[in-house]
Ligand code: 13P
């Protein structure tokens with residue numbers, strides 16, 4: 001059931017659990033995540049970066065595929081189709097294409113410009129029943145060419161952006177996209193606590209979910225995080241499972257080269273990873 005992410009994240013914040021945003025790359029990815037969410041009766045957010053949107057022939061193709069798949073698979077759990085790290089132009093494209101949620105990443109603009117653009121997009125999104133996420137303090141690492149330094153957000157700026165009426169807020173707390181380097185200092189709970197105090201009941205978003213230790217995830221949820229983004233980890237398990245299949249020579253046995261067979265181990269690996277994360281985040285049975 002395609003919905004905005006507003007209610008599912010309000011409920012998560014109140015219930016002290018988090019909803020996973022899993023990024024999608026193609027049909028297999030989308031199907032694996034939707035089926036797992038339905039099986040576990042968990043709400044879910046499908047994240048689409050601008051790069052992945054382009055790869056899948058544009059946001060209209062993505063929105064049409066997700067809407068049709070949601071219907072044909074008989075998905076009953078709440079599903080939000082969300083633009084990840086959207087540019088100003090990208091947000092308008094997704095609104096037009098039929099996404100149910102957008103993220104405007106204005107973190108690289110001076111704060112005044114971030115405020116002006118976020119205000120405009122909040123009004124447009126809410127007028128059409130979509131939810132909107134904003135970002136303060138760049139998330140570190142690189143995702144689809146978007147590079148951030150991993151700075152900690154200023155709690156006063158978070159309050160300013162939260163007061164514009166966004167539905168959930170991504171705030172940098174030392175998190176990084178991709179695999180964490182060995183010398184990573186961990187999440188800054190001091191920053192998270194200060195932000196949480198400032199923004200009241202606002203659901204907070206933790207980007208860079210790949211590789212964050214379980215105890216840090218649990219602590220972050222206890223301090224107001226209600227949405228956790230995971231992308232790289234699904235890519236890694238997919239690649240590893242596919243490599244195993246090929247290295248064992250299974251693609252050369254019978255009709256093992258059939259894409260439905262070749263991609264099956266990767267799909268199963270994504271399902272297992274999504275299940276593991278939903279259990280950790282506490283969203284199982286919360287649909
Ligand atoms: P990872 O790729 O580190 O899991 O981060 C995902 C993310 O934050 C998407 O916005």
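Only the coordinates and a few stated rules stand behind these numbers; no lab work does. Remember, predicted model here, so these are calculated numbers, not experimental data. Positions of Cβ are backbone-derived with ideal geometry, glycine not excepted, and every protein chain shown enters the neighbour counts.
Every residue in the stretch 98-111 that is within 14 Å of the ligand (Cβ to nearest atom) and surrounded by 24 or more Cβ atoms within 10 Å (Cβ to Cβ), please. Can you show your working first?
Step one: filter the stretch 98-111 for residues within 14 Å of the ligand (Cβ to nearest atom), giving 101-105, 107.
101, 102, 103, 104, 105 - these are the residues of the stretch 98-111 that are within 14 Å of the ligand (Cβ to nearest atom) and surrounded by 24 or more Cβ atoms within 10 Å (Cβ to Cβ).
Name the residues in the stretch 222-236 that are within 16 Å of the ligand (Cβ to nearest atom) and more than 21 Å from residue 163 (Cα to Cα), would you? Working first, answer last.
Going residue by residue through the stretch 222-236, those that are within 16 Å of the ligand (Cβ to nearest atom) are 225-236.
Hits for the stretch 222-236 are 228, 229, 230, 231, 232, 233, 234, 235, 236.
Yes or no: residue 20 surrounded by fewer than 20 Cβ atoms within 10 Å (Cβ to Cβ) and closer than 27 Å to residue 122 by Cβ? Break it down into steps so the answer makes sense when it comes.
On the way: surrounded by fewer than 20 Cβ atoms within 10 Å (Cβ to Cβ): no; closer than 27 Å to residue 122 by Cβ: yes.
So residue 20 fails the test.
Residues 275, 286: which one is buried (at least 19 other Cβ atoms within 10 Å of the Cβ) and within 26 Å of residue 76 (Cα to Cα)? Show your work before the answer.
On the way: 275 fails: buried (at least 19 other Cβ atoms within 10 Å of the Cβ).
Unique residue meeting the criteria: 286.
Would you pick out the residues in the stretch 71-97 that are in contact with a strand residue (DSSP E or B) (Cβ under 8 Å, 6 or more places away or on another chain) and more than 16 Å from the ligand (Cβ to nearest atom)?
77, 78, 79, 88, 95
Scan the stretch 257-271 and give yes if some residue there is within 16 Å of the ligand (Cβ to nearest atom), over 24 Å from residue 5 (Cβ atoms), part of a helix (DSSP H, G or I) and out of contact with any strand residue (DSSP E or B) (no Cβ under 7 Å at 6 or more places or on another chain), otherwise no. Write out each step before concluding.
If we filter the stretch 257-271 for residues that are within 16 Å of the ligand (Cβ to nearest atom), which is where we start, we get 269-270.
Restricting the remaining residues to those that are over 24 Å from residue 5 (Cβ atoms) gives 269.
Okay, now just the ones that are also part of a helix (DSSP H, G or I), so 269.
Imposing the further condition that a residue be out of contact with any strand residue (DSSP E or B) (no Cβ under 7 Å at 6 or more places or on another chain) reduces the set to 269.
Scanning the stretch 257-271, I find at least one residue that is within 16 Å of the ligand (Cβ to nearest atom), over 24 Å from residue 5 (Cβ atoms), part of a helix (DSSP H, G or I) and out of contact with any strand residue (DSSP E or B) (no Cβ under 7 Å at 6 or more places or on another chain), so the answer is yes.
Name the residue that is surrounded by the fewest Cβ atoms within 10 Å (Cβ to Cβ), counting only residues in the stretch 177-217 that are part of a helix (DSSP H, G or I), without any contact (Cβ under 8 Å) to a residue 40 or more places away in the chain and away from the ligand (no atom under 16 Å from the Cβ). So that I can check it myself, show each step before the final result.
Step one: of the stretch 177-217, the residues part of a helix (DSSP H, G or I) are 189-199, 214-217.
From the residues that got through so far, the ones that are without any contact (Cβ under 8 Å) to a residue 40 or more places away in the chain too are 189-194, 196, 215-216.
Of the ones still in play, those that are also away from the ligand (no atom under 16 Å from the Cβ) are 189-191, 193-194, 196, 215.
Values: 189: 16, 190: 11, 191: 21, 193: 14, 194: 20, 196: 21, 215: 8.
Filtering the stretch 177-217 for residues that are part of a helix (DSSP H, G or I), without any contact (Cβ under 8 Å) to a residue 40 or more places away in the chain and away from the ligand (no atom under 16 Å from the Cβ), the one surrounded by the fewest Cβ atoms within 10 Å (Cβ to Cβ) comes out as 215.
Given the structure, is residue 68 surrounded by fewer than 20 Cβ atoms within 10 Å (Cβ to Cβ), more than 16 Å from the ligand (Cβ to nearest atom) and without any contact (Cβ under 8 Å) to a residue 60 or more places away in the chain? Don't jump to the end; show me each part of the working.
Numbers: surrounded by fewer than 20 Cβ atoms within 10 Å (Cβ to Cβ): yes; more than 16 Å from the ligand (Cβ to nearest atom): yes; without any contact (Cβ under 8 Å) to a residue 60 or more places away in the chain: yes.
Judged against the criteria, residue 68 is a match.
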